[in-house]
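The values are calculated or read from the model by the stated rules, or taken from the named source; none is laboratory data. Please read all numbers here as calculations on a predicted model, not as lab measurements. Here Cβ is always computed from backbone atoms with ideal geometry, including for glycine, and neighbour counts include all displayed protein chains. The area values use the complete protein model at the heavy-atom level, side chains included, leaving out ligands, DNA and RNA. Shrake-Rupley method; radii C 1.70, N 1.55, O 1.52, S 1.80 Å.
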Amino acid sequence: MFRNQEIANDIFYVGVNDRQKHKFENMIPIPNGVSYNSYLINDEKTALIDTVDISFGDIFIDKIESTLQGKKLDYLIINHMEPDHSGSIRMLRKNFPEVTIVGNSKTLSMVEGYYGVTENTMEITDGQTLSLGKHELEFHFTPMVHWPETMMTYDKAEKVLFSGDAFGCFGTLDGSIIDKNLDINRYWDELASYYANIVGKYGAAVQKALKKLTPLEINVICSTHGPIWKEYISEVVDLYDRYSRYSGKNGVVIVYGSMYGNTELMAETVAQGVAEAGVKNIIIHNVSKTDSSVILRDIFKYKALIVGSPTYSNELYPEIESLLRKVEIRGVKNRVFGCFGSFTWASAAVKRLTSFVETMKWQSAQISVDEKQGLKAVNYEACLELGRQVAELMKNHVDDPAHCA
Ligand SMILES: Cc1cc2nc3c(=O)[nH]c(=O)nc-3n(C[C@H](O)[C@H](O)[C@H](O)COP(=O)(O)O)c2cc1C
Ligand SMILES: [Fe+2]
Ligand SMILES: [Fe+2]
């Protein structure tokens, strides 16, 4: 029944949209949904590249059958074993018992570990090729983008790169699947969010993969999430390059936690200081209201971060602590930082924020502001000065070349 869209000669889209899941990985809100992309090459031999989340297994099998029209499925190529892509392997094997499962040694051990499948597998090595007839597939291992078994598959005939999660983004594919036929502006923030939240820790591995892929001539990038990239390949590769070098663009993100408004008022004042220094791109997030995935996205996008927190039981405000852990885990680099806080009897928040910036080895403003109880004139002025200082540091900031390798 399905008329699967053809992306390049003999290559069909057999992926699905997920508009049901509220949180990706049970953690990251996806108000605009997500797609699980899978591709079928219908040559003399037939090959499927990755599967989809098992909740869509039935439709997925129907889509494959619609293109095969009774032909057998020869290969399943597995680029990535995360269950949003590997979830339908067992079901696929039941429907196409003769399919050979192709992957590297790490992949095949995960296929056994997750799904108990050991028979009719083919282990391939880095750089190995597999001919389907007109199409010759070449495998490129890209470990830790973002699991150890991750690889990419390159179709030499059509110059298509099946990239796994790399270059992927949140957001469903509504009607069309190819970038130039979609309202692409909807996807840039989805890509930034996907990168920051899912891939963010693995900047060095992404840089290695980008270098390894440089010699390939690429006409199409088929990721496992989001649009198929044809027209915007250079933009998408540039964004991945920039994010994986932790290179932000000019802009100041101010994040604060506040129970009764004292720290919040300081945040507003700091923002005014940033604006006084001529910066227009200022994003203020209340950590208790905006989901941390959105805040992380903006921290990846912009060069400067200013954090404000009340002291809470001798610690940071817990939501701020949790956010900072996420930033630490991702090893975000090359940022300009400022901090402020509010307390009533014994301050602890600003000390913790100061030790955070030392751990991150970021450039920090000289001044920090620590107010006891309500904001008073002296510290009002200090908040303005903090904002101005961070803005000036940001304007002059040059990324550490050690992080651009
Ligand atoms: C549950 C709770 C725990 C707190 N713990 C501390 C503390 O350990 N040390 C301190 O100096 N102030 C403490 N405070 C006071 C707040 O840090 C102070 O009221 C601050 O100005 C609150 O900022 P806000 O108005 O932005 O919420 C605590 C307040 C609350 C509600
Ligand atoms: Fe993944
Ligand atoms: Fe994925």
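Kindly indicate the residue of segment 92-108 that is without any contact (Cβ under 8 Å) to a residue 24 or more places away in the chain and under 20 Å from residue 145 (Cα atoms) and also surrounded by the most Cβ atoms within 10 Å (Cβ to Cβ) among those meeting that condition.
So in segment 92-108, the residues without any contact (Cβ under 8 Å) to a residue 24 or more places away in the chain come out as 94, 97, 105, 108.
Cutting the leftovers down to under 20 Å from residue 145 (Cα atoms) gives us 105, 108.
Values: 105: 11, 108: 21.
Checking each candidate, the answer is 108.
Residue-by-condition table, conditions (1) of a type outside the set (Lys, Arg); (2) within 16 Å of ligand 2 (Cβ to nearest atom):
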| residue | (1), (2) |
| --- | --- |
| 202 | yes, yes |
| 209 | yes, yes |
| 214 | yes, no |
| 222 | yes, yes |
| 234 | yes, no |
| 242 | no, no |
| 255 | yes, no |
Tell me the helices (runs of 4 or more DSSP H) entirely within segment 176-295 that contain at least 1 residues that are open to solvent by 60 Å² or more (accessible area, probe 1.4 Å) and basic (Lys, Arg).
203-213, 233-244
Residue set 53, 62, 10, 84; condition farther than 24 Å from residue 229 by Cα and among the acidic types (Asp, Glu); output residue 62
So residue 75 clears everything in (1) under 22 Å from residue 225 (Cα atoms); (2) without any contact (Cβ under 8 Å) to a residue 24 or more places away in the chain except one condition, right? Which one?
(2)
Looking only at segment 349-392, how many residues end up being over 27 Å from the mean Cα position of the chain (by Cα) and within 30 Å of residue 208 (Cα to Cα)?
0
Taking segment 352-405 and keeping only residues that are within 19 Å of residue 250 (Cβ to Cβ) and of a type in the set (Gly, Ala, Ser), one is left with 364, 365, 387, 391
Quick one: what pairs do we get from segment 174-201, first residue over 15 Å from residue 223 (Cβ atoms) and touching a residue at least 12 places away in the same chain (Cβ under 8 Å), second among the charged types (D, E, K, R) and open to solvent by 70 Å² or more (accessible area, probe 1.4 Å), C-beta under 7 Å, 6+ apart or different chains?
180/231
Scanning segment 52-91 for residues that are within 13 Å of ligand 2 (Cβ to nearest atom) and either open to solvent by less than 10 Å² (accessible area, probe 1.4 Å) or in a strand (DSSP E or B) (or both) gives 52, 78, 79, 80, 81, 85, 86
Number of the exception - residue 340 against (1) without any contact (Cβ under 8 Å) to a residue 40 or more places away in the chain; (2) under 26 Å from residue 293 (Cβ atoms)
(1)
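Conditions tested, residue by residue: (1) touching a strand residue (DSSP E or B) at 6+ places or on another chain (Cβ under 6 Å); (2) among the small types (Gly, Ala, Ser).
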position: 230; (1), (2): yes, no
position: 239; (1), (2): no, no
position: 248; (1), (2): yes, yes
position: 258; (1), (2): no, yes
position: 266; (1), (2): yes, no
position: 285; (1), (2): yes, no
Consider segment 119-140. How many of its residues are open to solvent by less than 50 Å² (accessible area, probe 1.4 Å) and either touching a residue at least 24 places away in the same chain (Cβ under 8 Å) or closer than 12 Å to residue 103 by Cβ (or both)?
8
